[in-house]
1. From the list 144, 134, pick out the single residue that is in a loop (DSSP other than H, G, I, E, B), crowded, with 23+ Cβ neighbours inside 10 Å, assigned by TED's automatic domain parsing to the domain that holds residue 201 and not basic (Lys, Arg).
2. Condition first: touching a Pro at 6+ places or on another chain (Cβ under 9 Å), outside any helix (DSSP H, G or I) and of a type in the set (A, V, I, L, M). Now tell me which residues in the stretch 262-307 satisfy that.
3. Confirm whether residue 263 is among the basic types (Lys, Arg), outside the structural domain of residue 309 (by TED's automatic domain parsing) and closer than 22 Å to residue 88 by Cα.
4. I need every pair where a residue in the stretch 88-116 that is at pLDDT below 95 has its Cβ under 9 Å from the Cβ of a residue that is outside any loop (DSSP other than H, G, I, E, B), sequence separation at least 6 or different chains.
5. Note down all Cβ pairs under 9 Å where the first residue falls in the stretch 298-325 and is outside the structural domain of residue 69 (by TED's automatic domain parsing) and modelled with pLDDT under 95, the second is β-branched (Val, Ile, Thr) and exposed (fewer than 10 other Cβ atoms within 10 Å of the Cβ), and they're at least six residues apart or on different chains.
6. Do you know which of the residues in the stretch 35-91 that are among the hydrophobic types (A, V, I, L, M, F, W, C) and in a strand (DSSP E or B) is nearest to residue 198 (Cα to Cα)?
7. In the stretch 155-178, what count of residues is obtained for those that are closer than 21 Å to residue 277 by Cβ and of a type in the set (A, V, I, L, M)?
8. Considering every residue within the stretch 234-251, establish whether at least one is under 20 Å from the mean Cα position of the chain (by Cα) and either under 18 Å from residue 45 (Cβ atoms) or of a type in the set (Asp, Glu) (or both).
Amino acid sequence: MVSVGKTNFPEDVAESLRPLADVNYSAPEDYRRILSSAVAGILGTEKIDESYLDAAPNLRLVSRFGVGYDSVDVEACTEREIYVTHTPRVLSDAVAEHTWALILGFTRRVPQADRYAREEWALRRQRFPFGTDLIGKTLGIVGLGAIGAEVARRAQGFGLRLIYFDVVRKPELEEEYGVEFVELDALLQESDIVSLHIPLLPSTRGLIGSKELEMMKPTALIVNTSRGPVIDQRTLAEALENGEIAGAALDVFEEEPIPLDDRLLTMENVLVTPHIASATQETRRKMAESCADSVKAFLKGRRPRDLVPEQKKVSFDPSGSPVPHSSAGSR
């Protein structure tokens, strides 16, 4: 049986699995009961830990609906001979577009302008404050992976200087997009806009803290469409209140949904959206199809294509035992 625990998963995509297995849509209240007989699960933000896996003794595939998979204990899954897949590539365009929506929305004061036009303009009691130009500014991209590269590609028409930091140099992208590699400290010091596009790992949790925020220009904007915990949110709020940086545009948060009494929500120099960077009809359908393709491959006895990086060199034989796998045959 395949368990579909992701809300709003297209029914026709799920139904395409029926020739290979029973498909069960599981509401949160009965999810654990259904897990007991599931061999594959298509999941959203559910926390996949030892407790979850104990309730799913037959589970052999976790197909994560999204590119981030920090909610999944990959090590525990591997020890239990369970594949973990995600949906890379298909959401890069949508997230990059949303990144630019946040940048433009903040620099041109779009949310405030909307309120002003509805409530103040005709009264002529006060003038609307100016926004800021992008031309001549420096955009620093932290993480030049698939999404970061699409952000750089979309930057070409804005007259920006482009710099980036990544743990791996990308000479081909440097040449294609005119983006310059710098170390993280230099990026923070030189950028007018810092845009984060990194996975949540032990090494990236809290990557942007008090020291890093102090390095940034007082006129700088920080944008996060990756994962909330890569920024120390309490320290960010303090930096914004103290004028250490000019603003933040955030789609992700340490706690989601962000509590309504969080002080970030009271600040005029903060633009927020509710973790919707990939939330377009077209992209969410592509993500669903990617999940379904992983499940189909598994049910047909093949190694799924979009395994998370930690499992790229591991295959499980029919008995479920892990065996080494050559990367040459992984796709």
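The values are calculated or read from the model by the stated rules, or taken from the named source; none is laboratory data. All of these numbers come straight from a predicted model, not from anything done at the bench. Methodologically, a virtual Cβ is constructed for each residue, glycine included, from the backbone with ideal geometry; neighbour enumeration extends over all protein chains shown.
1. On the way: 134 fails: crowded, with 23+ Cβ neighbours inside 10 Å.
Going through 144, 134 in turn, just one is in a loop (DSSP other than H, G, I, E, B), crowded, with 23+ Cβ neighbours inside 10 Å, assigned by TED's automatic domain parsing to the domain that holds residue 201 and not basic (Lys, Arg): 144.
2. Hit for the stretch 262-307 is 271, nothing else.
3. Numbers: among the basic types (Lys, Arg): yes; outside the structural domain of residue 309 (by TED's automatic domain parsing): yes; closer than 22 Å to residue 88 by Cα: no.
Answer is no for this residue.
4. 88/146; 88/290; 89/146; 89/286; 89/290
5. Cβ pairs passing all conditions: none.
6. Step one: of the stretch 35-91, the residues among the hydrophobic types (A, V, I, L, M, F, W, C) are 35, 38-40, 42-43, 48, 53, 55-56, 59, 61-62, 65, 67, 72, 74, 76-77, 82, 84, 90-91.
Keeping just the survivors that are in a strand (DSSP E or B) gives 40, 42-43, 48, 61-62, 72, 84.
Numbers: 40: 28, 42: 23, 43: 21, 48: 21, 61: 25, 62: 22, 72: 17, 84: 19 Å.
Here the residue is 72.
7. Taking the stretch 155-178 and keeping what is closer than 21 Å to residue 277 by Cβ, we get 155-158, 160, 162, 164-166, 173, 177.
Now narrow it down to the ones that are of a type in the set (A, V, I, L, M): 155, 160, 162, 173.
Qualifying residue count, the stretch 155-178: 4.
8. Taking the stretch 234-251 first, the residues under 20 Å from the mean Cα position of the chain (by Cα) are 236, 248-251.
Those left that are additionally either under 18 Å from residue 45 (Cβ atoms) or of a type in the set (Asp, Glu) (or both): 250-251.
Looking for residues that are under 20 Å from the mean Cα position of the chain (by Cα) and either under 18 Å from residue 45 (Cβ atoms) or of a type in the set (Asp, Glu) (or both), one finds at least one in the stretch 234-251, hence yes.
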